[in-house]
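One structure below.
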Amino acid sequence: MEQEKSLDRAYRPWQIRIFSATWLAYAGYYFCRKPFYVVKADMSGALGLSTIQLGHLGTAYLAAYAAGQFSSAYFGKKLGPKLLLIAGMGISAACNFVFGAANGFWTLMLFLAINGLAQGTGWPGCIGSLAFWFRREQRGSILGVWSTCYQLGSLVSTSFAAYMLGRAGWRWSYFGSALVLLVIWAVVLLLHPNRPESVGLPPLGDEAESAAPTGKAEKAEGLGWTPDVIGSVLTMGVIYFTIKFLRYALWSWAPFFLRQNFGLSGDRAGYLSTVFELCGFFGVIASGVASDKLFHGRRAFIAFAMLAMMTLSFVLMATMGATSVVFFTVSMGLAGFMLFGPDALLSGVGAIDVGSKRGALAAAGIINGIGSIGPIFQEEIIGWMYKAFGHRLFPILAMLVCMAAAGTFVTFLLWLRARRGKVNL
């Protein structure tokens with residue numbers, strides 16, 4: 001016991017560094033992810049792009065993003081998490097400089113695809129880094145706080161892109177955001193300690209890992225995964241498909257709808273859309289702490305309960321928010337609180353719990369890779385529906401209700417698997 005306490009004291013300053021480096025890294029990625037969604041309406045007007053073309057551009061980015069998530073499961077093992085993050089951040093910043101100077105549809109599409117591949121390195125790289133630095137009994141609370149990186153990162157980057165849009169035009173939303181990411185890139189380069197062994201620390205022992213379900217004797221080669229673990233990772237990926245479909249639907253189209261359907265200016269629409277992330281900030285902390293302190297690592301039930309409430313939030317958005325900016329905003333905030341908690345639990349700490357420390361990067365890449373297919377579909381579907389239904393919001397919002405209900409149902413099935421001891425969640 002005394003040896004364990006001594007090891008924890010030795011780890012603590014390095015844990016602070018890895019927490020800070022990965023938090024800044026993933027928050028920084030958003031500065032080169034969100035400008036496209038904020039300036040979509042203004043850029044389409046300046047370059048003569050239709051909503052169908054905007055959907056195609058979003059699809060190019062998101063398809064490459066999904067591929068980047070899957071490939072990170074492989075390249076992260078070869079390169080290590082630090083090099084994976086540094087390469088991804090640098091490429092993403094370069095692409096955003098190109099976006100700011102671009103004038104053509106095909107140039108935007110090509111570099112959006114490259115940016116998607118680069119952005120796909122972020123989550124697996126960060127989760128793969130964190131897995132080696134914290135014990136299982138810490139992860140819910142630690143990653144609950146850590147996961148605020150993508151609420152605050154999204155909120156601040158959206159606000160910054162909206163500010164630059166109002167002050168200097170849509171091109172500077174890209175230029176300014178790329179400069180911010182370059183500064184963060186330099187900080188991460190200095191702070192990130194890679195793995196414990198690289199700074200002379202022994203690996204953390206984690207007895208709780210041994211409590212993971214063993215299933216059959218067969219194991220996935222190189223990862224120690226049983227068939228039950230593989231099934232759980234794939235189920236989590238399907239749930240994450242629905243979560244990311246909904247998250248990106250609001251990220252991508254809420255500023256556009258607020259501008260086009262409710263008559264707000266571009267910068268005001270961008271600012272108001274941040275209600276989604278602001279409320280999600282509190283949701284992710286609450287879910288992470290509750291999963292450790294109240295439910296002792298049993299995270300599947302919390303995810304199911306919050307997604308059920310999220311579905312009701314989308315019902316409010318479809319019934320009242322389709323014609324009222326007030327109800328649209330309120331329901332968007334409620335949806336954010338209820339969505340981001342399960343989002344973080346399943347794709348972050350859940351990936352480590354189920355995949356184990358050794359397989360955390362691969363589990364995060366697979367879960368996020370499957371999940372990232374969802375946003376691809378929403379870009380094309382919403383772009384088409386907006387035009388086909390005469391710019392009316394209700395059909396689009398009703399479709400989001402159906403997607404939310406589907407995700408809730410699959411999460412219920414995951415909870416049942418957890419109760420039967422088939423998934424360490």
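At-a-glance table
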{"item": "Fewest-first sequence of GLU380, GLU277, GLU197 by Cβ atoms within 10 Å of each Cβ", "result": "GLU197, GLU380, GLU277"}
{"item": "Among ILE127, ILE114, ILE366: highest mean-square fluctuation, GNM of the chain, C-alpha pairs under 10 Å", "result": "ILE114"}
{"item": "Separation in nanometres of the label points that stand 7 Å from Cα toward Cβ, at PHE409 and LEU201", "result": "4.5"}
{"item": "Built amide H within the under 5 Å cut-off of TRP225, gap 5+", "result": "ALA220"}
{"item": "Theoretical FRET efficiency, 1/(1+(r/R0)^6), r = Cβ-Cβ of PHE327 and THR107, R0 60 Å, to 0.05", "result": "0.95"}
{"item": "LEU416 paired with VAL145, simple spin-label distance in nm, labels 7 Å along Cα-to-beta-carbon", "result": "3.8"}
{"item": "Principal-axis tilt of helix 51-79 within the chain, Cα atoms, nearest 10 degrees", "result": "20"}
{"item": "At q = 0.05, 0.07, 0.12 Å⁻¹, base-10 log of I(q)/I(0) for the chain (Debye sum, equal scatterers on each alpha carbon)", "result": "-0.16, -0.31, -0.92"}
{"item": "Packing rank of 164-171, 269-276, where each peptide gets the mean count of other beta carbons within 10 Å, highest leading", "result": "269-276, 164-171"}
{"item": "Max mean-square fluctuation residue, GNM over the chain, Cα-Cα springs under 10 Å, options LEU345, LEU85, LEU182", "result": "LEU182"}
{"item": "Cα centre as origin, Lys/Arg/Asp/Glu Cβ charges: the chain dipole, Debye", "result": "40"}
{"item": "Segments 320-333, 253-266, 227-240 sorted - mean Cβ within 10 Å per residue, highest first", "result": "227-240, 253-266, 320-333"}
{"item": "C-alpha long axis of helix 373-388 to longest principal axis of the chain, angle in °", "result": "20"}
{"item": "Choice from ALA46, ALA66, ALA87 with maximal GNM fluctuation in the chain (Cα, 10 Å cutoff)", "result": "ALA46"}
{"item": "Linear extension gain, LEU234 paired with VAL187, 0.36 nm per residue minus alpha-carbon span", "result": "13.4 nm"}
{"item": "FRET efficiency for VAL289 and GLU380, using Cβ-Cβ distance with R0 set to 22 Å, rounded to 0.05", "result": "0.05"}
{"item": "Stretch gain in nm, segment LEU83-THR319, where the contour uses 0.36 nm per residue and the Cα spacing is subtracted", "result": "80.2 nm"}
{"item": "Residue-span extension gain [ASN194 to MET309] - 0.36 nm each, minus C-alpha spacing", "result": "37.6 nm"}
{"item": "Ordering of 36-42, 382-388 by packing [mean C-beta count within 10 Å, highest first]", "result": "36-42, 382-388"}
{"item": "Crossing angle, helix 300-319 versus the chain [Cα axis fit, 0-90 degrees, rounded to tens]", "result": "10"}
{"item": "Ranked ASP8, ASP343, criterion: other C-beta atoms within 10 Å, fewest first", "result": "ASP8, ASP343"}
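Readers should treat all values here as calculations from the given coordinates under stated rules, not as data from a laboratory. These numbers come from a predicted model, not from an experiment. For neighbour counting, all protein chains shown are included, and Cβ atoms are generated from backbone atoms with ideal geometry for every residue, glycine included.
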